[in-house]
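J.: My structure is below; once you've seen it, I'll send some questions.
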Amino acid sequence: MQHSTSTPTSRSAHTRILALASGKGGTGKTTVAVNLALALNRAGHTVCLIDADFGLANAEVHLGLPAPLKTLEHVLFEALPLEECLVPVRPGFDLISGSNGVARMAELDLEARRRLVREFTALSGYDFIVLDNSPGISAQVVSLCLATREIILILNPEAASLVDAYALIKVLKEHGLWWPPLVLVNRAESGMQAKQLFTRFQETVQQYLGLKPLFLGVIPLDNTARRMSAAGMPFVTLRDDLPASQAVMGVAKLLVERLNKEWTRNDPAVFFESVVVRMKQRPEFGLTGLLGNLSGVAPSSSQPDVYMELVALIDRASALCENLLENPAYAFVRDRFGLVRLAVDNFLHPLDRLRSPQGSGKHRILVLSNHEQMRTMLKEIVTEMGYDAEVCMPAHGGVAQSRGTCNLMLVSCDRPESLIRSTLTQIPELPLVLLTGFGTSSLEREFRHRTVAVLPRPFHVDELRTILQSALR
């Protein structure tokens, strides 16, 4: 199937990638995604809408289209050319149904990832890519959001929506979010209600998470627009006189005109490769389950602050407990900057303590992780750099024989850490590069005396390459 004819715009050829997300279902996120994409297209921009809701991919229903026969899953796992799953909606506007393809990205091996990069280069011709994420918090949602600089969080004036939105931002921050997400209040009874809601939400997030969300706009409660969406009739193109249509077009105009120095860096191929790498790192979500339970209480929508304060209090208590275990100054640096951290011991024992492998002049790295996908990905990275890679499964016999053959251990601090710890003690003299970041790792403190570098997850492949090259130079 051929994609729609794209009309070049006067803007830069770079693609902006907008990731729409919500902490819970039922916020109207897909309705907003569809109509925002149409509004951007009506403003003269080429747009590709990617329905990444693998649980209920139904963007085509909102557009009044039949279910696509070919999806992103066919592209990733059946070698279908990307162009064949593009569904033309109108000139300059195409749809891609993600089906279960995005959720399965972590399954891609090295060759499949290379093909993915080649295929998704075709999307660089669009001005905008709009991603309609699954509701809630998952590895897929976190990976898609963190791979772009423009995250749009859809809120409703309901307590459950606020609590789950806070939980989503908290998880995103724990996994590397440092830039402010954009907040769009949907189905507000008035502009004043929306502004008050956003102000309370912004203050809570800023106080307890150190991030300051930005107000993108408000879409009013519009029963006519809601009925049209339910009937598969996008209101932006069919009734531009409706209050909801006017609001969405205003948001589109603001997005086009707002200053964002980061957006020029977007490249669809690099974006999706980054998503795969992040998903392979298997994010873990600390208090997510607890927050999900809190949001399921269905509190009164007239008192959202009580539940917001409860969640924030739990978050604050957790942070205080963590500070008891570490030097406060060190924790401050780690939490605020999230940069590559060198162990204190590295200053006392320089990198020349790295051992040369016996019988070979080529560097060899021992890869250690509890998860097969992570072991495979790290081995691929090491091999691509020209080093030899030896993969080790924790608590598996024979690891001691690597003492005389490897220079360095590349360790993913996965749970259960007891398995990792047992393996590390079997080779007490081999230097370590630790991959941490999903919660506090006791391994970093226990093996500080032999750690060369610490890299928080989610990491960029280039960061890891730089560290390994420095360590083995």
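The values are calculated or read from the model by the stated rules, or taken from the named source; none is laboratory data. On a predicted model such as this, the values are computed, not experimentally measured, just so you know. Reconstructed Cβ throughout: ideal geometry from the backbone, glycine too, with neighbour counts over all protein chains shown.
J.: Looking at L65 and the list (1) in contact with a strand residue (DSSP E or B) (Cβ under 8 Å, 6 or more places away or on another chain); (2) outside any loop (DSSP other than H, G, I, E, B); (3) among the hydrophobic types (A, V, I, L, M, F, W, C), which single condition is not satisfied?
T.: It fails just one condition, (2).
J.: If the Cβ limit is 8 Å and pairs must be 6+ apart or interchain, which residue in the stretch 454-467 that is assigned by TED's automatic domain parsing to the domain that holds I381 pairs with which residue that is of a type in the set (S, T, N, Q) and in a helix (DSSP H, G or I)?
T.: Cβ pairs passing all conditions: P458/S143; H460/S274.
J.: Separate question: For the structure I just gave you, tell me whether A225 is touching a helix residue (DSSP H, G or I) at 6+ places or on another chain (Cβ under 6 Å), modelled with pLDDT under 95 and of a type in the set (G, A, S).
T.: yes
J.: A further question follows. Which ranges mark the strands (runs of 3 or more DSSP E) fully within the stretch 88-161 that have 1 or more residues being of a type in the set (A, V, I, L, M) and over 26 Å from L221 (Cβ atoms)?
T.: Per the criteria, 93-97, 128-133.
J.: Would you tally the residues in the stretch 441-473 being among the small types (G, A, S), loosely packed, with under 14 Cβ neighbours inside 10 Å and part of a loop (DSSP other than H, G, I, E, B)?
T.: 0
J.: Tell me, which residue of the stretch 119-169 that is charged (D, E, K, R) and either outside the structural domain of K253 (by TED's automatic domain parsing) or modelled with pLDDT under 90 (or both) is nearest to A188 (Cα to Cα)?
T.: Ranking the candidates gives E158 first.
J.: Residue check: is F201 assigned to a helix (DSSP H, G or I), among the aromatic types (F, W, Y) and modelled with pLDDT of 90 or more?
T.: So F201 passes the test.
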